[in-house]
Amino acid sequence: MFFARTCMPELFSQVVANGDEAAQQATEHLIKTGSRRVAFLGGPNHLDMVKRRKHGYLEALKANKILIDRDIIVCGKINFAQAQQQTIRLLKKENRPDAILAFNDIITYAAFTAVKSLGLRIPEDVAIIGFTDTEASEYVTPKLSTIEDQSHKTGTLACELLMRVIKGDTKRYHEVVPMKLMIRESSAKNKRKQAVIKPLHQAVLLKEKRLFIFVTRPQHRHAGARHDITQTTINKSFKHMKKNFALAALAAAVMMSCGSTKSVGDATALNGEWNIMEVNGSKVDKADVEEAPFLGFDAKDNNVYGCTGCNRLTGTLKVKGNGGIDFGQMGCTRMLCANMEVERQVLDALGKTAKYSLDGTGKLTLTDKSGKTVILLEKRK
């Protein structure tokens with residue numbers, strides 16, 4: 001019995017998804033909503049799953065009479081860093097793609113990060129749809145359009161067929177579990193032309209999800225307030241402000257001369273990627289992780305992303321006054337690594353984080369409510 005894979009169908013039963021149809025429908029959606037140069041970022045070409053999804057993508061281009069450009073079809077190792085580099089390479093082309101169909105969640109988030117790193121907008125400059133609908137899809141900005149693989153149903157059906165085989169059933173089964181296109185915010189350039197996407201199957205399949213509501217405070221908190229302040233009051237306030245400013249500048253100079261090591265700083269100073277050096281006072285041992293753990297911040301869009309040492313994470317954050325920081329709901333990819341302890345510690349520490357501080361030498365410290373350091377980071381060069 002093969003689950004989500006096709007191998008020697010004349011000898012073994014298979015339970016697979018309709019990846020070709022799903023890829024075709026996703027590509028059709030990108031084209032109908034304003035994209036014309038759709039790139040395909042896939043895994044190794046020898047995988048049946050990659051072949052099927054690429055086939056559906058190509059069929060959509062043919063059906064819409066769009067020239068197939070082999071230079072924007074990239075298939076290789078399923079690796080975040082490599083996928084990110086390949087995406088950046090494509091987007092730096094003179095005739096760059098304006099949309100991306102990504103093979104799985106790792107490649108999807110690599111492409112998402114690459115687009116953002118180049119200062120391009122999603123979906124206005126580059127639209128994105130990715131396979132595998134993880135919870136993280138709804139926690140990034142913009143929310144990701146994805147193709148849900150119905151893995152729970154696929155696994156359940158595979159187990160049912162396996163039990164039949166154990167009981168003596170010799171019939172060879174080839175079952176196809178339909179995927180579902182989830183349209184969110186990352187895929188439609190022209191929302192007025194956004195097509196109503198029909199499900200890839202007739203049955204309505206519900207996926208249990210928790211609902212999270214993120215509330216952001218308006219930047220102009222006093223917009224619309226009464227403007228009945230007299231000119232005299234303004235003049236007095238201005239004089240008072242100048243006096244306070246001079247005192248503040250003097251205090252800052254004294255603090256700097258005394259070698260103060262930690263400051264809150266502007267939230268934009270968080271932007272960029274930071275290597276996780278210590279968690280709860282213990283140094284991160286590279287031998288204990290699949291990939292060096294890090295956090296990336298985008299204060300403008302209130303996003304955080306990174307690697308736990310095993311899985312990729314993405315979510316929201318809110319930077320408050322006086323060095324306060326609040327990480328919202330985090331979503332992770334679902335790989336199983338040999339050692340999951342560092343990941344557990346990183347996620348637990350992020351859940352406890354209440355404040356941050358920068359020391360001006362490329363070090364970032366995250367602390368809990370009591371002031372205890374939970375994560376120490378160093379700016380990537």
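No value in this document is a laboratory result; all are computed from the given coordinates. Every value quoted in this text rests on a predicted model; they were computed, and no experiment measured them. When we count neighbours, we look across all protein chains shown, and the Cβ atoms used for this are built from the backbone with ideal geometry, even at glycine.
Odds and ends about this structure:
- Calculated log₁₀ intensity ratio I(q)/I(0) where the Debye formula runs over C-alpha points of region 33-106, q = 0.22, 0.23 Å⁻¹: -1.03, -1.11
- Pairwise centroid distance, computed over Cα atoms, of region 284-339 with region 111-190, Å: 22 Å
- Note on Met340 and Lys65: with the Förster distance fixed at 51 Å, the Cβ-Cβ geometry gives a FRET efficiency of about 0.55.
- Cα gyration tensor of region 267-379 - equivalent ellipsoid semi-axes, whole Å, descending: 21, 15, 13
- Cross-link table Lys116/Lys352; Lys283/Lys372; Lys153/Lys189, entries beyond 23 Å C-alpha to C-alpha: Lys116/Lys352; Lys153/Lys189
- Scattering curve values for region 55-166, log₁₀ I(q)/I(0), Debye with Cα scatterers, q = 0.13, 0.17 Å⁻¹: -0.57, -0.87
- Dipole magnitude for region 2-193: about 520 debye, using +1 per Lys or Arg Cβ and -1 per Asp or Glu Cβ, origin at the Cα centre.
- Relative contact order computed over region 1-159 (Cα-Cα under 8 Å; 6+ residues apart), in percent: 23 percent
- 3J(HN,Hα) along region 297-307: 10, 10, 5, 4, 9, 6, 10, 9, 8, x, 9 Hz, from the Karplus curve 6.51 cos²θ - 1.76 cosθ + 1.60 with θ = phi - 60°, whole Hz, x for Gly and Pro.
- The residue among Gly371, Leu350, Met277 whose Cα reaches farthest toward the positive pole of the charge dipole of region 267-379, with charges on the beta-carbon of Lys, Arg, Asp and Glu, is Gly371.
- Annotation: peptides 71-78, 333-340, 311-318, ranked by per-residue average of other Cβ atoms within 10 Å with the highest first, follow the order 311-318, 71-78, 333-340.
- By the equivalent-ellipsoid construction on the alpha carbon gyration tensor, region 2-193 comes out with semi-axes of 32, 16, 15 Å, ordered largest to smallest.
- Placed amide H near Ser13: partners under 5 Å, 5+ positions off or other chain: Phe2, Tyr173
- Note, ³J(HN,Hα) from phi for region 360-373, Karplus 6.51, -1.76, 1.60, rounded to Hz, x at Gly and Pro: x, 10, x, 10, 10, 10, 9, 10, 8, 4, 7, x, 6, 5
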